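The next block holds one structure in the form of structure tokens; read it before the comments.
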Amino acid sequence: MEAINPFMVFLLCLLIIALLGIVDYISGYELSFSIFYLIPIALASWYSHRHLAVMTCFVSAAAWVLFDLLAGHQYTSFFIPIWNTIVRLGFFLITSSLLEMLRNHIKQEESLSRTDSLTGINNSRAFMEGLNHYLSVSARIKHTLVLGYIDLDNFKEVNDTMGHSVGDQVLRTVGAILSSSVRSSDIVGRVGGDEFAVLLPDTDSKGATMLFDKLHQLLLSEMHRNSWPVGFSTGVAVFEHLPRNSDEALGIADRLMYEIKNSTKNRIIYRIIEEDQHVNETDGSSCECTVRVKPPSRL
């Protein structure tokens, strides 16, 4: 869905104000239409920028008094329409401010519901939504999709021997390294207690190998620097043939990760999911080696 253009919203609000003013003029000053000016103010406050919303409030207040005077409303003092305009402007500005606060609060709640509270990256729900989106996009434009699943080796040992505060710091560090090392179009998420996932849209096996090898080295270097006995078992699926849904995609990457987890640990396994459902496998330590293995459905 395309983002709403704030300036176009502002122009629409000006048009609505003009129409309300004309109706106000035709109906005469005895009928009040001031409440209807809240419609463009609400639109500008919700969908436009703050300064444009404030301008809408001023234009609404000015339009109301202008068309009221043009309709022939006579006041006993010139100060009365000025006072009424100031009061209405204050009411419009307060309403706009309250709507802006409500909008920002809702956005903040939405962001919190999609963010992992410990690491600050996407939580499982947000990551799966992003994965579903890119699966749909990749299916339309026939692009390759890469999904990596990372599990922290010996993380329980860190919690047991160093304390949960250190364990939390490990997770925060991993999240920070992952999020700072990928492109803005990539998605990083914490999908389990000590499990992370990285989604790379429009990336081939070469690009996947370069990135995940780099991530692995960065993560190990940071663990060593802090004397944390943590390794990283990573399964990377390069989907040339896209899975049916996000659960299937994550399941394939998860099973690849467990192949490393249940054997040597602290390594990376890469597999290419091809159109014919065969898979090419390369170990992260010798990326030039390629062998044929069973289809993903039998992993």
Read through the list (1) assigned to a helix (DSSP H, G or I); (2) within 27 Å of N159 (Cβ to Cβ); (3) in contact (Cβ under 8 Å) with a residue 60 or more places away in the chain, then give the number of the only condition that A176 fails.
(3)
Identify all residues within segment 23-39 that are of a type in the set (V, I, T) and surrounded by 12 or more Cβ atoms within 10 Å (Cβ to Cβ); write none if there are none.
V23, I39
Given the condition touching a Lys or Arg at 6+ places or on another chain (Cβ under 8 Å), modelled with pLDDT of 90 or more, among the aromatic types (F, W, Y) and surrounded by 15 or more Cβ atoms within 10 Å (Cβ to Cβ), answer yes or no: does some residue in segment 231-241 qualify?
no
Which numbered condition trips up R172, out of (1) more than 21 Å from R225 (Cα to Cα); (2) surrounded by fewer than 18 Cβ atoms within 10 Å (Cβ to Cβ)?
(1)
Residue that is outside the structural domain of W46 (by TED's automatic domain parsing), in a helix (DSSP H, G or I) and surrounded by fewer than 17 Cβ atoms within 10 Å (Cβ to Cβ), where the choices are S97, S136
S136
What is the one condition in (1) assigned to a helix (DSSP H, G or I); (2) within 19 Å of the chain's Cα centre (by Cα) that L118 does not satisfy?
(1)
Taking G130, is it of a type in the set (G, A, S), within 21 Å of P243 (Cβ to Cβ), at pLDDT 90 or above and in a helix (DSSP H, G or I)?
yes
What number of residues within segment 44-65 are closer than 19 Å to E100 by Cβ, at pLDDT 90 or above and touching a Ser or Thr at 6+ places or on another chain (Cβ under 8 Å)?
7
Does at least one position in segment 244-256 carry a residue that is within 19 Å of L131 (Cβ to Cβ), surrounded by fewer than 19 Cβ atoms within 10 Å (Cβ to Cβ) and at pLDDT below 85?
yes
Residues T76, T119, T85, T115: which one is touching a Leu at 6+ places or on another chain (Cβ under 6 Å) and polar (S, T, N, Q)?
T119
Count of residues meeting criterion [within 28 Å of V166 (Cα to Cα) and part of a loop (DSSP other than H, G, I, E, B)] in segment 221-264
8
So Y149, is it under 17 Å from I269 (Cβ atoms) and in contact (Cβ under 8 Å) with a residue 24 or more places away in the chain
yes
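Yes/no per residue for (1) modelled with pLDDT of 90 or more; (2) within 14 Å of A53 (Cα to Cα); (3) out of contact with any Leu (no Cβ under 6 Å at 6 or more places or on another chain):
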residue: I4; (1), (2), (3): no, no, yes
residue: L14; (1), (2), (3): yes, yes, yes
residue: A18; (1), (2), (3): yes, no, yes
residue: I22; (1), (2), (3): no, no, yes
Kindly indicate whether S184 is farther than 12 Å from Y149 by Cα, among the polar types (S, T, N, Q) and surrounded by fewer than 16 Cβ atoms within 10 Å (Cβ to Cβ).
yes
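The values are calculated or read from the model by the stated rules, or taken from the named source; none is laboratory data. Bear in mind the structure is a predicted one, so any value in this text is a computation, not a measurement. A quick note on method: Cβ atoms are made from the backbone with ideal geometry, for glycine too, and the neighbour counts reach across all protein chains shown.
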